[in-house]
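The values are calculated or read from the model by the stated rules, or taken from the named source; none is laboratory data. Please read all numbers here as calculations on a predicted model, not as lab measurements. Heads up, the Cβs are rebuilt from the backbone with ideal geometry, glycines too, and the neighbour counts pull from every protein chain shown. Note: areas computed on protein heavy atoms with side chains; ligands, DNA, RNA excluded. Shrake-Rupley method; radii C 1.70, N 1.55, O 1.52, S 1.80 Å.
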Amino acid sequence: MKKALFKILSNEPIAKDVYKLVLEGDTGGITAPGQFVNIELEGFFLRRPISVCDWDDKGMTLIYKTVGKGTKCLSEKKSGTLDLLTGLGNGFDLSKCGKRPLLVGGGVGTPPLYGLCKRLVERGAASAVVLGFNTADDVFYEEEFRALGVKTLVATVDGSYGIGGLVTDAIKTLPVGFDSYCACGPEPMLRALCDTLKIKGQLSFEERMACGFGVCMGCSCKTKYGSKRICKDGPVLSSNEVIW
Amino acid sequence: MADMSVVLSGIKLENPVIPASGCFGYGAEFKDFYDLNILGSFSFKGTTKEPRFGNPTPRVAECTGGILNSIGLQNPGIEAVINEELPRIAAFFKKPVIANIGGFSVDEFVYCAERLDGVEQVGIIEVNISCPNLHKGGVNFGSDPKAAAEVTAAVRKATGKPIYIKLSPNVTSITEIAKACEDAGADGLSLINTLLGMRIDIKSRKPLLANKMGGLSGRAIFPVALRMVYEVRKAVKIPIIGMGGVASAEDVIEMMMAGASAVQIGAENLRNPFACKEIIEDLPRVMAELGIERLRDIIGVA
């Protein structure tokens, strides 16, 4: 974990209520895709945890949805600096992805899968991506995933874009043969994947948290192997340890 | 050079800054941020006889200037703390720690105190009779002078270590309870614990916390904490560790002027993991500005 100031390079909407924030600064604290940062916002007691979409030596990209006053405030920041705690959480374990991992993102659970996908492609682990959204207005990053050279399917619940239905419906149209999956999205989606895919999965969870680095015990959950803190021992849990 | 040292029941602290229980775990996460030996001491996560998972989530909620929590004392239990956490702490913290204990019965407090009595690393036992998230069987030791005195007297017999009773602000008269603890043999008092509060999600029309209510901490409660430390200081002779919304070196000084011999920092650690380090580093500057040579000279001057 590192605490550092980041310069806001851009912060623009890319879908309905969804913003892409590009930051410049020391990303040395980030060690795995699927980790998150915790952003200090003036006027708010707690920081706002946001997953990292992608990063390099010079900066990072965050994608977030405005769901409350904090994220609304963040969306209005177009310049200046932000105080971030970076490299929080465990992230996805690339060594457990196998040779043909399937990546599944639901809504604003999609961003961390992009950084993961990029690194899997670099390692020659050709994968497929399935993204699920409620409606056409919510869809983002389809082209960015395609640009990585990865087969990308989009499903919308109301059928207004791509395949009509849920991510599980889209997965049915793909050939079988995946050896693992990585997913981030709403809990019902994660559970549906866990129930239908009979391969090992890494699932990224969300929970209300205060500190984001494992001390307040606000985001604890029970697993088959004892209690875990979503912020520190997670947010990524193995499909075989989750108690639904 | 500024003298920041203070003394709590014969234990000399290099400075009065102590991370508060529940906001610092057992120190392991913070040791990666800075050398914890700069701290006066630290009070570890409230520990009970048996391991506890705590209350259902969501169990944290934000509000203006603070945070509500209904964690419910998640901890690995006293045996795991003695056999695993304390040896781990010994590797990165060379000073005496403050052992915070919680319980649902007098016997449980006594059990934990007895188990910690022989542990050299423990400098002070802080007895949490005031967690607002525990009300099993309707007993709330922190809100009744007789019950507070009963726990204090029993723990007093169980250990030779200094015992500090952590008091609740959710009472009609905190001085009455403070005096009852002093009379029952407490070496000191820690105050205040969190203030019972609540938030409602106006979209779902339901409480934000699964437990409905929770304890409020953070900057918002500082004036309340300060007032209570001030009142209790006038009522008892034993030392007070002041806490509640302390977020800066100036707050530390203000809390000491109200009557605190040492100061704990809680919720501020959750928003800034370097809070205690920054406050300790800033204290000499603020002392110089105010013409304070020895910090302990200002205790209770207000």
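Tally time: how many residues in the stretch B:1-24 are within 13 Å of chain A (Cβ to nearest Cβ) and either of a type in the set (D, E, K, R) or open to solvent by 10 Å² or more (accessible area, probe 1.4 Å) (or both)?
Number satisfying all stated conditions: 3.
Here is the figure for the stretch A:28-51: residues that are away from chain B (no Cβ under 14 Å) and either in contact with a helix residue (DSSP H, G or I) (Cβ under 6 Å, 6 or more places away or on another chain) or basic (Lys, Arg) (or both) total 3. Screening A:Ser95 with (1) over 19 Å from the mean Cα position of the chain (by Cα); (2) outside any strand (DSSP E or B) gives one miss only, at (1). For the stretch B:32-41, the criterion of a residue being open to solvent by 40 Å² or more (accessible area, probe 1.4 Å), within 13 Å of another protein chain (Cβ to nearest Cβ) and at pLDDT below 95 is satisfied by at least one position. Return yes when B:Val110 is of a type in the set (A, V, I, L, M), more than 14 Å from every other protein chain (Cβ to nearest Cβ) and open to solvent by 10 Å² or more (accessible area, probe 1.4 Å) and no when it is not. Answer is yes for this residue.
In the set A:Gly177, A:Gly165, A:Gly159, A:Gly185, only one residue is in contact (Cβ under 8 Å) with a residue 60 or more places away in the chain and touching a Gly at 6+ places or on another chain (Cβ under 8 Å); that residue is A:Gly185. Residue check: A:Ile243 meets all listed conditions (1) modelled with pLDDT under 95; (2) in contact with a helix residue (DSSP H, G or I) (Cβ under 9 Å, 6 or more places away or on another chain); (3) hydrophobic (A, V, I, L, M, F, W, C) but one, namely (2).
Here B:Leu295 meets each of (1) open to solvent by 10 Å² or more (accessible area, probe 1.4 Å); (2) in contact with an Asp or Glu (Cβ under 8 Å, 6 or more places away or on another chain) with one exception, condition (1). Of the residues in the stretch B:48-62, not one is surrounded by fewer than 24 Cβ atoms within 10 Å (Cβ to Cβ), within 13 Å of chain A (Cβ to nearest Cβ), closer than 22 Å to B:Val17 by Cβ and modelled with pLDDT of 95 or more.
Given the condition within 13 Å of the chain's Cα centre (by Cα), within 14 Å of chain B (Cβ to nearest Cβ) and within 30 Å of B:Tyr26 (Cβ to Cβ), answer yes or no: does some residue in the stretch A:188-204 qualify?
no
Picking from residues in the stretch B:63-81 that are part of a helix (DSSP H, G or I) and surrounded by fewer than 21 Cβ atoms within 10 Å (Cβ to Cβ), the one that is nearest to the other protein chains (Cβ to nearest Cβ) is B:Ala80. Flag not set for A:Lys222, criterion: touching a residue at least 24 places away in the same chain (Cβ under 8 Å), facing another protein chain (nearest Cβ under 10 Å) and open to solvent by 20 Å² or more (accessible area, probe 1.4 Å). In the stretch A:1-27, the residue that is nearest to the other protein chains (Cβ to nearest Cβ) out of those that are surrounded by fewer than 16 Cβ atoms within 10 Å (Cβ to Cβ) and not in a loop (DSSP other than H, G, I, E, B) is A:Leu5. For the stretch B:243-298, filtering for residues that are under 19 Å from B:Ser43 (Cβ atoms) and of a type in the set (Val, Ile, Thr) leaves 6. Quick one: which of B:Ala210, B:Ala184, B:Ala220 is touching a Ser or Thr at 6+ places or on another chain (Cβ under 9 Å) and free of Cβ contacts under 8 Å to residues at least 40 places away in the same chain? Answer to the selection: B:Ala184. Might you let me know whether the stretch B:126-144 holds any residue that is modelled with pLDDT of 95 or more, assigned to a loop (DSSP other than H, G, I, E, B) and in contact with a Gly (Cβ under 8 Å, 6 or more places away or on another chain)? No, the stretch B:126-144 has no match at all. Just wondering, is there one or more residues in the stretch B:82-94 that are part of a loop (DSSP other than H, G, I, E, B), free of Cβ contacts under 8 Å to residues at least 60 places away in the same chain and farther than 22 Å from B:Asn140 by Cβ? There is at least one residue in the stretch B:82-94 that is part of a loop (DSSP other than H, G, I, E, B), free of Cβ contacts under 8 Å to residues at least 60 places away in the same chain and farther than 22 Å from B:Asn140 by Cβ. Residue pairs whose Cβ atoms lie under 8 Å apart, sitting 6 or more positions apart in sequence or on different chains, and linking a residue in the stretch A:71-98 that is buried (at least 18 other Cβ atoms within 10 Å of the Cβ) to a partner that is aromatic (Phe, Trp, Tyr) and in a loop (DSSP other than H, G, I, E, B), are A:Leu85/A:Phe213; A:Leu88/A:Phe213.
Residue-by-condition table, conditions (1) surrounded by fewer than 23 Cβ atoms within 10 Å (Cβ to Cβ); (2) assigned by TED's automatic domain parsing to the domain that holds A:Glu12; (3) closer than 20 Å to A:Val18 by Cα:
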residue: A:Val37; (1), (2), (3): no, yes, yes
residue: A:Gly105; (1), (2), (3): no, no, yes
residue: A:Thr110; (1), (2), (3): no, no, yes
residue: A:Cys117; (1), (2), (3): no, no, no
residue: A:Ala125; (1), (2), (3): yes, no, no
residue: A:Ala136; (1), (2), (3): yes, no, yes
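Would you be able to say whether some residue in the stretch B:268-282 is open to solvent by 10 Å² or more (accessible area, probe 1.4 Å), touching a residue at least 24 places away in the same chain (Cβ under 8 Å), more than 13 Å from B:Pro19 (Cα to Cα) and away from chain A (no Cβ under 14 Å)? Checked the stretch B:268-282: at least one residue is open to solvent by 10 Å² or more (accessible area, probe 1.4 Å), touching a residue at least 24 places away in the same chain (Cβ under 8 Å), more than 13 Å from B:Pro19 (Cα to Cα) and away from chain A (no Cβ under 14 Å).
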